[in-house]
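Here is the structure we will look at, set down as structure tokens.
The values are calculated or read from the model by the stated rules, or taken from the named source; none is laboratory data. Owing to the predicted nature of the structure, the values given are computational and were not obtained by experimental measurement. When we count neighbours, we look across all protein chains shown, and the Cβ atoms used for this are built from the backbone with ideal geometry, even at glycine.
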Amino acid sequence: MDVEREGGRGANQLRPMDCTRSVLSRAHGSASCSNGETRVLAAVYGPKAGTKKNENPEKACIEVIWKPKTGQIGKQEKEFEMILKRTLQNICLLTAHPNTTTSIIVQVAHDDGSLLPCAIHAACAALVDAGIPLKYFAVAICCSFSESGHILLDPNKLEEQKMKALVYLAFPSSVRSVLTEGSENGEESAENGIITSLTHGVMPVDSYFQCLEQGRAAVTPLTNILKKKLQSPSPINQSAAA
């Protein structure tokens, strides 16, 4: 049974995606990513000498600072900040720069649904732009479960509010498959693996595994889009060339 969505999208159809590296001149690495009207800016500073309190000095420390579009950071933003930090800790080669701290500042420009996957892509692209060694690139997707039992990929804000449950998933993708140059040292193969899984709401176990299946199927087209976007000349490099 076909599901009617705003704009005529199919259940598995993603919104237009964009991602640009080197959008900030003073950061060590930066990126701007968007999914439909959702847009996130990420900036990387570091690695800087020294680690945070209670962190292992034999490894690099990853610090994530989440900044909402307006106001103070809320409960959901704090959760997203924590999940993003754990995701980045899993993909970064932490032994490459021991006893250092790399800070990733995530600024939400607009939230029209599927915010966490957009933030993950922006943060990963900014890390690549900064030359931070990655084991793999995180490709993320949001799956929503409706009251009628349908699964929709990449929901917008209005769709999210109507859903019974949301599942945020991040899968590993080869850094080489996203960029022909950049951070490749120590890259690991994790085919069919999963980096992050976060569920809001309640759904049957079978539906969760269906989300995993549909989300994994979206990894290849998402990776192809990221590859095309991130290999394009950055605005700063274009300005320098001019």
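Worth a mention:
- Check on V139, surrounded by fewer than 24 Cβ atoms within 10 Å (Cβ to Cβ) and among the aliphatic types (A, V, I, L, M): no
- Single unsatisfied condition, W66 versus (1) under 21 Å from K135 (Cβ atoms); (2) of a type outside the set (K, R); (3) at pLDDT 95 or above; (4) surrounded by 14 or more Cβ atoms within 10 Å (Cβ to Cβ): (1)
- Subset of region 41-65 [more than 24 Å from K75 (Cα to Cα) and in a strand (DSSP E or B)]: Y45, G46, P47, K48, A49
- Remark: Q72 falls outside the filter, which requires a residue to be closer than 21 Å to I141 by Cα and either at pLDDT below 95 or in a loop (DSSP other than H, G, I, E, B) (or both).
- The residues of region 7-20 that are in contact (Cβ under 8 Å) with a residue 12 or more places away in the chain and farther than 14 Å from N35 by Cβ, listed by number, are A11, N12.
- Against the conditions (1) assigned to a helix (DSSP H, G or I); (2) of a type outside the set (D, E, K, R); (3) modelled with pLDDT of 90 or more, I194 satisfies every one except (1).
- Selected residue [under 15 Å from L230 (Cα atoms) and surrounded by 12 or more Cβ atoms within 10 Å (Cβ to Cβ)] from T20, T51: T20
Each row is one residue, and each column tells you yes or no for (1) assigned to a loop (DSSP other than H, G, I, E, B); (2) touching a Gly at 6+ places or on another chain (Cβ under 9 Å); (3) modelled with pLDDT of 95 or more.
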{"site": "C143", "(1), (2), (3)": "no, yes, yes"}
{"site": "E147", "(1), (2), (3)": "yes, no, no"}
{"site": "V167", "(1), (2), (3)": "no, yes, yes"}
{"site": "P172", "(1), (2), (3)": "no, yes, no"}
{"site": "T180", "(1), (2), (3)": "yes, no, no"}
{"site": "S183", "(1), (2), (3)": "yes, yes, no"}
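- Looking across region 201-236 at every residue that is in contact with a Cys (Cβ under 6 Å, 6 or more places away or on another chain) and at pLDDT 90 or above, the one that is surrounded by the fewest Cβ atoms within 10 Å (Cβ to Cβ) is identified as C211.
- Scope region 79-107; condition crowded, with 17+ Cβ neighbours inside 10 Å, of a type in the set (A, V, I, L, M) and farther than 11 Å from K59 by Cβ; matching residues: I83, L84, L88, I91, I104, I105, V106
- The lone criterion from (1) surrounded by fewer than 19 Cβ atoms within 10 Å (Cβ to Cβ); (2) among the small types (G, A, S); (3) touching a strand residue (DSSP E or B) at 6+ places or on another chain (Cβ under 7 Å) left unmet by A60 is number (1).
- Evaluated against (1) outside any helix (DSSP H, G or I); (2) modelled with pLDDT under 95; (3) aliphatic (A, V, I, L, M); (4) in contact with a Lys or Arg (Cβ under 9 Å, 6 or more places away or on another chain), V128 falls short on exactly one condition, (1).
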